[in-house]
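For reference, the structure is listed below as structure tokens.
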Amino acid sequence: MRRFAAILAGGRGEPLWPHSRTCLPKQFLSLWDGPTFLQRTYDRIAGMTDAPEVFVLTAEGTLDLVRAQIPGLDPQRLVGEPLARGTAASAVLAALTAAALAGPEAVVALVPADHAFFGDAGFQDALAAAYATAEREGEVVLIGVPPTRPEPGYGYIRLGADLAPCGAARIASVDGFVEQPPLARAIECLRSGRYLWNTGICACRTDVLLGRLGLHEPGLAQLITGLAGSDPVRADRDELRRLLQPLRAISLDHALLVPVGRAAVVIATLAWDDVGSWDALSRLQPQDEHGNVQHGRAVLSATERTVVYNSASQRLVVTHGVEDLVVVDTPDTTLIAARDLLPGLQAALGAVRASGFQAYLDEAVGLIEPGPQDPATLPAPDQVRTVAKPWGREVWWAHCEAYAAKRLEVRGGQALSLQYHQRKHETLYVLVGRVRLRLGGEERVVGPGHVAVISPGTIHRLEALTDAVIFEVSTPDLDDVVRLEDRYGRAAAPPLLTPR
């Protein structure tokens, strides 16, 4: 049987905000120097003896990030999801992709892109055992890890009877699941010795996986039927969007494991963390004698059990007389939170959104050193404010009470939103490249030297036909944008005035 590994890289990464943003989520970042979570996951799988064939599933808005971070990935091994509908829908697309490549008996492993494993060998041995067990047993095979602490945020697998081992790996049947238990229940699971943490990795034959996923979720059954016999990589995007639209977002655990119940598990001897909150840094990095963990420029005085993560390279973070906090400082945002309240960070993000600061959730802002850019772009001056965008990046030259000035670097083939502004006036100057510019009801292709003046209420869009650089000078209304259409999934706000 051919073996495949589907890397699930479609998450939003909100638990690691503000380091992680919608346009640059956790899986495409590194918390320290070195490869990103996605790159580490890909390399870990590719380094296996008898390595499986790898493909990646991600949101359509982050396809270019995958291409940039895994440049050797075959384009036919990259699946774009037009709508996020949870890991169960991703599993359907993964199984259909593997089936299109190798038939119903192919075995596919689903591997989250953004987890941390300590020691590649243990991961590789466990995944190899999961493949072999899935081929032998014809069941869904999970990878579980013995818990080392009571963790309410994790899923737990209750062990059943032992099955035949797979080499040196111990295999057991699954007797049940406990999803994100309260602390008291998590303590019971730890003490009993009969539970494993669920790593979220599973392997299964594609025909078995598709058959199980369609049993209890009518929406998933319709998705499977609608895409039967097709390859999601080549599927019509509008049709795929239509099939995904009515689905409720549901995790693989709730769609497959909890209602069906039948599964086997590889009892893996490896250290694993899902890096599901900033508190994980206290487990991933050495602590000082006071239980603190720090990254970047920071001074911790009279501080206990506190995590400080500073990616704002020109600022120093100093704490004094505090305990049990998380402090995350980025060039545009600072988060200060009680460690025990991190599971409720979504409430804080909701407050940010309700206060009109959605841009701080969407955009990855940073201070970067100058370096070689694409041929069509100019080098940025030292230590300027940059904002990563799904279409390229913005380089800010100035922002004051009177105006804002920035350079837009747009990759060829990418486009900004179809949008308008309620108050903002802006002027665009094309410096490099050819762009298709829509202003109101007119559309034309323009090149270097073209100037466009855009008044409030004017619907406009800029699409780069080649790599392009555009200067923008505007009134300082940074958050004044109404997106009507956006290929990266950011169009959500309804019009507040009648656009022209």
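Some observations on this one:
- Condition check for THR41: more than 19 Å from GLN124 (Cβ to Cβ) and of a type in the set (Ser, Thr, Tyr): no
- Cβ pairs under 8 Å, 6+ apart, first in segment 391-407 and acidic (Asp, Glu), second assigned to a loop (DSSP other than H, G, I, E, B): GLU401/PRO476
- If you check TRP278, TRP272 for being within 12 Å of PHE118 (Cα to Cα) and of a type in the set (Phe, Trp, Tyr), only one passes: TRP272.
- Scanning segment 148-194 for residues that are within 25 Å of LEU342 (Cα to Cα) and in a strand (DSSP E or B) yields GLY155, TYR156, ILE157, PHE177, VAL178, GLU179.
- If you filter segment 200-227 down to residues that are closer than 12 Å to LEU252 by Cβ and touching a Pro at 6+ places or on another chain (Cβ under 8 Å), you find that the one that is surrounded by the fewest Cβ atoms within 10 Å (Cβ to Cβ) is GLY200.
- Residue among ASP114, ASP74 that is within 13 Å of the chain's Cα centre (by Cα), of a type in the set (Asp, Glu) and not assigned by TED's automatic domain parsing to the domain that holds GLY413: ASP114
- In segment 24-77, residue nearest to GLY392 (Cα to Cα) [restricted to those that are hydroxyl-bearing (Ser, Thr, Tyr) and crowded, with 16+ Cβ neighbours inside 10 Å]: THR62
- Conditions (1) among the small types (Gly, Ala, Ser); (2) at pLDDT 95 or above; (3) surrounded by fewer than 17 Cβ atoms within 10 Å (Cβ to Cβ): number failed by GLY261: (2)
- Residue selected from segment 54-74 under the condition in contact (Cβ under 8 Å) with a residue 12 or more places away in the chain and either assigned to a helix (DSSP H, G or I) or touching a Cys at 6+ places or on another chain (Cβ under 8 Å) (or both), by the criterion nearest to GLY219 (Cα to Cα): GLU60
- All of (1) crowded, with 16+ Cβ neighbours inside 10 Å; (2) modelled with pLDDT under 95; (3) out of contact with any Ser or Thr (no Cβ under 6 Å at 6 or more places or on another chain) hold for GLY167 with one exception: (1).
- Filter result for GLU135 (surrounded by fewer than 23 Cβ atoms within 10 Å (Cβ to Cβ), in contact (Cβ under 8 Å) with a residue 24 or more places away in the chain and in a helix (DSSP H, G or I)): yes
- Condition check for VAL299: part of a strand (DSSP E or B), surrounded by 20 or more Cβ atoms within 10 Å (Cβ to Cβ) and among the β-branched types (Val, Ile, Thr): no
The values are calculated or read from the model by the stated rules, or taken from the named source; none is laboratory data. This one's a predicted model, so the numbers in the text were calculated from it and none came from an experiment. Cβ: placed from backbone, ideal geometry, glycine included. Neighbour counts: every protein chain shown.
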